[in-house]
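K.L.:
Quick one: the structure is below, questions incoming.
The values are calculated or read from the model by the stated rules, or taken from the named source; none is laboratory data. Please read these numbers as outputs of a predicted model, since none were measured by experiment. Methodologically, a virtual Cβ is constructed for each residue, glycine included, from the backbone with ideal geometry; neighbour enumeration extends over all protein chains shown.
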Amino acid sequence: MSKVVYWVSLSFAFFFLAAPLLIVLPLAFNDSSFLTYPMEGFTFRWFGVFFDTPPWLSSLANSFKVALGTTLAALLIGGLAAMGVMLLGRWGRIVMSALFVSPLVIPSVVLGVAMAYAFGRAGWGGGYLSLVFAHTILAAPLVFLAVTTSLMGLDPELDRAAASMGASRWRRFHTVTLPLAMPGFATGALFAFITSFDEVVVALFLSTPQTQTLPITLFSSLRDRLEPTIVVVALLLSIVSCLFILALNRLQRRGAGR
């Protein structure tokens, strides 16, 4: 009976989550110029519109640039913070961890307004660096949590054994800790990249016409005209998300096998 309840609950949850995608995404292949059912035909021309339209391509390139910069910065900040927190005592670890992950519980609109005001006062304005800095604040806590979880699963005797053999702190980290914690760093990198790539609220306050990301262009197109090109973008973003989920699942399996 428990197996029946499990599979029924799992099937219902999957259908509840996937039903909107299964309804909307086929419209990316609709031959009509409008988002309507029944579909008038099957075509790939809206994919050609997306890849032949400069605003879409430039926003896609901006999203990749911002996401890559955010991933590198978040790995550095979140990874170093995780390793530093692990050296603290129990209460120090709890307090510092809570402070570091606090951006995750603050509404994105509040962060966007605060960052726009702070960057404006500092003379930065909007642009690539502002977006990378803002997205790093959102992504670094995810890297911190992933790396912390990975480090907590390591046997401390391995580090002590390397120290007893005369290895320096850097040598121990490079040859012992980092290889074993690599799944955590890789998981954090995936989370950071996809968080930056899909983020729209904070980017609305900080982007300029030259640095508009793909989600912002998608959001603007929703207000102007509902055409299948929008669904093409949604389909491509869904494919990217699925690829990252598969990569994350593979990393988790490799980490569990060690």
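K.L.:
For region 158-179, state whether one or more residues are at pLDDT 80 or above and out of contact with any Cys (no Cβ under 8 Å at 6 or more places or on another chain).
P.N.:
First, the residues of region 158-179 that are at pLDDT 80 or above: none.
No, there is no match, as no residue in region 158-179 is at pLDDT 80 or above and out of contact with any Cys (no Cβ under 8 Å at 6 or more places or on another chain).
K.L.:
Another question about this same structure. Considering each of Ser221, Ser238, Ser196 in turn, give the residue that is farther than 30 Å from Met152 by Cβ, at pLDDT 75 or above, in a helix (DSSP H, G or I) and not charged (D, E, K, R).
P.N.:
Values: Ser221 fails: at pLDDT 75 or above; Ser196 fails: farther than 30 Å from Met152 by Cβ.
Within the list Ser221, Ser238, Ser196, the selection yields Ser238.
K.L.:
Further, regarding this structure: Hey, among Leu68, Leu25, Leu35, Leu60, which residue is modelled with pLDDT under 80, out of contact with any Cys (no Cβ under 7 Å at 6 or more places or on another chain), part of a helix (DSSP H, G or I) and closer than 30 Å to Ile230 by Cβ? Let's see the steps before the verdict.
P.N.:
Details: Leu68 fails: modelled with pLDDT under 80; Leu35 fails: part of a helix (DSSP H, G or I); Leu60 fails: modelled with pLDDT under 80.
From the options Leu68, Leu25, Leu35, Leu60, the qualifying one is Leu25.
K.L.:
Also: Select from region 87-109 the residues that are surrounded by 12 or more Cβ atoms within 10 Å (Cβ to Cβ) and not in a helix (DSSP H, G or I) and write down the one among them that is farthest from the chain's Cα centre (by Cα).
P.N.:
For region 87-109, the residue satisfying everything is Leu88.
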